[in-house]
Amino acid sequence: MLFNTFVFLLFFLIVYSIFLGFGWFAGKQKWAYRAQNLWLLLASYFFYGWWEWFFLTLILISTIIDYCAALLIEGTENQIRRRLYLSVSIIANLGLLFTMKYYDFFAVNLIDSWNQLALWLGSTEATNSNTYLLRNIILPVGISFYTFQTMSYTIDVFRRQIKAERDFFDFALFVNYFPQLVAGPIERAQDLLPQLKKPKFPTWDGVQKGLYDILLGYFMKVYVADNLATYVDQVFLAGKSLYTQNPEIIQSMDGSQIFAGAVLFLPQIYCDFAGYSFIALGVSRLLGVTLTVNFETPEFSKTPTEFWTRWHVTLNRWFRDYIYISLGGSKYGKFAQYRNLFIIFFLSGLWHGANWTFITWGCLQGGYTIIYLVVFAKKKEDNKETTQPKLPTLKDKLLSVLSGTSSRILIYMLVAFSGLAFRSYDAQMMFLYMKKFLFVWDWDLSPNNNIKDMMGLFGEYFRIFLPLMILDGITYFKKERYWIFQIHPIIQAFILSFMGFLILTRGIFGKEVIYFAF
């Protein structure tokens with residue numbers, strides 16, 4: 001079930017009405033609090049099962065395994081047993097994820113490697129028919145999100161950071177909580193479980209912020225992202241089947257168009273994913289539960305490290321807490337730190353999908369970050385140590401503005417360039433588009449004159465994305481997400497009405513979220 005459909009609106013109105021009815025008594029009556037949670041759990045299973053009821057068995061298996069593993073871990077002081085129970089949890093979760101998401105990728109690459117060796121040795125080739133592949137299995141929606149969420153719970157219990165949850169239904173609600181079930185944020189048990197375990201009823205402040213988050217989310221998703229998608233799909237093609245059936249289309253694309261397409265793709269995927277996350281945040285606020293903000297205006301970042309503290313915050317926090325720190329973090333010197341950073345960026349790419357394009361994207365992000373830390377971050381530290389603090393002059397302020405602007409443009413372009421890997425369907429398309437992006441600007445658009453040229457694409461970019469850039473810019477520089485409630489009521493009403501008008505008159509409803517594929 002998609003947030004941006006009429007079906008979800010009807011679903012939420014029914015769920016919310018009954019939830020508020022139980023919530024009215026939940027503060028004083030224990031049965032009402034239990035009814036609230038059981039009702040939300042039932043609604044969450046229905047919400048997830050709307051796509052494919054069979055996949056409820058996978059999420060239920062993951063829930064049962066992690067619930068039992070955590071109790072067994074907490075129930076013994078024997079370290080060998082504790083590690084064994086944790087291993088069962090991790091292997092089971094990663095086993096499901098690997099089978100459904102990565103098996104074909106590794107199997108096909110293994111066949112290709114074997115065939116190269118076989119031909120060299122004079123033997124016969126193996127074919128895909130000789131190996132069991134899952135070509136006809138649909139990837140369960142959100143499996144990467146809820147798998148990481150349940151794994152973090154058992155790891156936290158093993159580390160003694162939280163107690164194991166005794167109530168199975170409350171734990172199941174933590175795993176299946178429908179606002180963030182299929183596209184995050186990836187919540188920690190210590191943040192979400194305590195909120196779920198107490199009576200829930202929205203406050204006026206929560207309702208205000210929740211409705212604004214929902215409005216902002218729909219504005220980003222159905223107006224900005226889905227309108228930009230029309231022009232991004234002209235450059236990158238609307239689906240893999242179109243690419244495989246017409247591979248000559250990408251050959252006719254000019255580097256200037258690819259450049260513009262990459263610049264458009266970055267706000268598209270940002271608004272597509274962040275918009276959905278803000279809707280989840282707002283819906284959850286209406287239920288009296290506060291989720292983690294998953295995106296913090298990343299398009300204004302001045303450095304790669306700042307970008308990754310603002311983009312998909314909960315995934316990066318997960319990799320930091322469970323991979324980077326486990327590998328030693330920065331404790332064993334700079335080389336070990338850079339190695340560990342590169343590992344988590346590689347894994348981040350792999351998390352996004354079983355394709356060399358995603359791995360390349362992750363490695364590029366790791367390369368950007370390490371180069372920044374090696375070359376520029378150290379220089380900044382040295383300058384701060386040697387420069388005496390003084391009042392900035394007008395010249396200093398102008399230089400600061402120019403430096404900040406150029407840094408932001410550079411980071412934007414570097415991330416946009418890596419987006420060519422993310423958006424490409426295979427390695428051949430990725431390398432061709434990267435080559436054209438950098439070197440092949442013929443400006444000869446006659447072979448594909450049905451596609452806008454670079455200036456036409458940039459015109460659509462500013463027409464669609466500029467309103468959000470202004471809103472995000474105010475948020476970034478004021479460092480306040482809900483600044484809208486601090487301005488004059490007339491200006492506030494105009495902004496909110498303008499957003500609502502664009503959603504209703506220019507919004508494209510019903511399109512899936514890009515991150516459902518992950």
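Quick note: the coordinates plus some simple rules give every number you see, no bench work behind them. Not measured: the values here are computed from a predicted model. Every residue, glycine among them, receives a Cβ derived from its backbone with ideal geometry; neighbour counts consider all protein chains shown.
Subtracting the Cα-Cα distance of residue 204 and residue 431 from their residue separation scaled by 0.36 nm leaves 76.5 nm. The charge dipole of the chain, taken about the Cα centre with unit charges on the Cβ atoms of Lys, Arg (+1) and Asp, Glu (-1), comes to about 1680 debye, rounded to the nearest 20. At full extension, residue 393 and residue 494 could sit 32.6 nm farther apart than now, given 0.36 nm per residue minus the alpha carbon distance.
May I ask which of 221/511; 200/221; 302/479; 478/511; 209/479 have a Cα-Cα span longer than 21 Å here? Where the Cα-Cα span goes over 21 Å, the pairs concerned are 200/221; 478/511. With R₀ fixed at 30 Å, the C-beta to C-beta distance from residue 56 to residue 170 puts the FRET efficiency at about 0.95.
Here the relative contact order of segment 219-299, from alpha carbon pairs under 8 Å that lie six or more residues apart, stands at 40 percent. Placing unit charges on each Cβ (+1 for Lys and Arg, -1 for Asp and Glu) gives segment 207-517 a dipole about its Cα centre, and among 405, 357, 486 the Cα reaching farthest toward its positive end belongs to 486. Fewest neighbouring Cβ atoms within 10 Å first, the residues 430, 469 line up as 469, 430.
If you wrap the tightest convex hull around every Cα atom of segment 238-382 and split its volume per residue, you get 165 Å³. Pairs of Cα atoms nearer than 8 Å and 6+ residues apart set the relative contact order; for the chain it is 19 percent.
Neighbour counts of other Cβ atoms within 10 Å put 512, 74 in the fewest-to-most order 512, 74.
With the simple spin-label model, which puts each label point 7 Å out from Cα in the Cβ direction, the residue 400 to residue 240 separation comes to 4.9 nm.
Of the residues 175, 263, 374, the one with the fewest other Cβ atoms within 10 Å heads the list, and the complete ranking is 374, 263, 175. When the helices of the chain are scored as -39500 (n - 2.57) per DSSP H run of n ≥ 4 and the total is divided over every residue, the value at 222 nm lands at -22000 deg cm²/dmol. For the chain, excluding the exposed loop sites themselves (trypsin sites (Lys or Arg not before Pro), DSSP loop, at most 12 other Cβ atoms within 10 Å), the longest remaining stretch covers 167-330.
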